[in-house]
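Okay, structure first, notes after.
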Amino acid sequence: MAQFRLQGSKVLAVDMTGDAVKAKNGSMVAYDGRMAFKKMSGGGEGLRGMVTRRITGEQMTVMEVKGQGTCYFADRASEINLVSLRGETLYVEASNLLCTDAALRTGTSFTGLRGGASGKGLFTTTVEGTGQAALTSDGQAVILRVTPQYPLHVDPGAYIAHQGRLQQHFQSGVNFRTFMGEGSGEAFQIRFEGDGLVYVQPSERNTIGGDV
């Protein structure tokens, strides 16, 4: 299996000995050894995945990298975060998924109103199986624990990914800054309940709700 390691915080080095990985198209910045690159359709899920992603709007352009040596990946100087999966499912925004072991299966999952609030569609990307995945974030990501006793509220624009036995609930009309005596704030938030981890970035995407 390919070995993932970080070179600093913004470059992913993947050591391969005949292994393969799937990476965001165009994210390779350097390599040594012998590597072969192949563009994959449908986020690496074939024709069915291509049709599904076109219908759902959860677009992801992926290439397969296979060979002997070390390949280096980066994406617009974003911070990189490594996630190890052992049979679990990771739910991640397609734009934040940089690279995965080729053995990991990717797909799409319905997110309901959370996707509508984030302005990224009603579906998100899933990564399943055993292996490593690399996620990008605008600034160093924070991993927050959710327990049955302590649910978590997240700004949709800061959300990157989550894993574990979690349920999502969309809440509207929420205004963080109003609580602080300011005149504008977040119109939406996601409430996570259950047991698992949520990855958030210290920077917000533009959302449909935005600041109101």
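The values are calculated or read from the model by the stated rules, or taken from the named source; none is laboratory data. These numbers were taken from a predicted model, which means no experiment stands behind them. Positions of Cβ are backbone-derived with ideal geometry, glycine not excepted, and every protein chain shown enters the neighbour counts. SASA here: full protein model, heavy atoms, side chains in, ligands and nucleic acids out. Shrake-Rupley method; radii C 1.70, N 1.55, O 1.52, S 1.80 Å.
If you go through segment 2-27, how many residues are open to solvent by 50 Å² or more (accessible area, probe 1.4 Å) and either over 19 Å from residue 131 (Cβ atoms) or in contact with a Pro (Cβ under 7 Å, 6 or more places away or on another chain) (or both)?
Residues in segment 2-27 being open to solvent by 50 Å² or more (accessible area, probe 1.4 Å) and either over 19 Å from residue 131 (Cβ atoms) or in contact with a Pro (Cβ under 7 Å, 6 or more places away or on another chain) (or both): 5 in total.
Among the residues of segment 18-35, those that are of a type in the set (Gly, Ala, Ser) and in a strand (DSSP E or B) comprise 18, 20, 23, 30, 33. Any residue at all in segment 30-39 that is loosely packed, with under 15 Cβ neighbours inside 10 Å, at pLDDT below 95 and of a type in the set (Gly, Ala, Ser)? No, segment 30-39 contains no residue that is loosely packed, with under 15 Cβ neighbours inside 10 Å, at pLDDT below 95 and of a type in the set (Gly, Ala, Ser). Tell me, yes or no, whether segment 140-152 has at least one residue that is modelled with pLDDT of 95 or more, of a type outside the set (A, V, I, L, M, F, W, C) and in contact with a helix residue (DSSP H, G or I) (Cβ under 8 Å, 6 or more places away or on another chain). No, every residue in segment 140-152 fails to be modelled with pLDDT of 95 or more, of a type outside the set (A, V, I, L, M, F, W, C) and in contact with a helix residue (DSSP H, G or I) (Cβ under 8 Å, 6 or more places away or on another chain).
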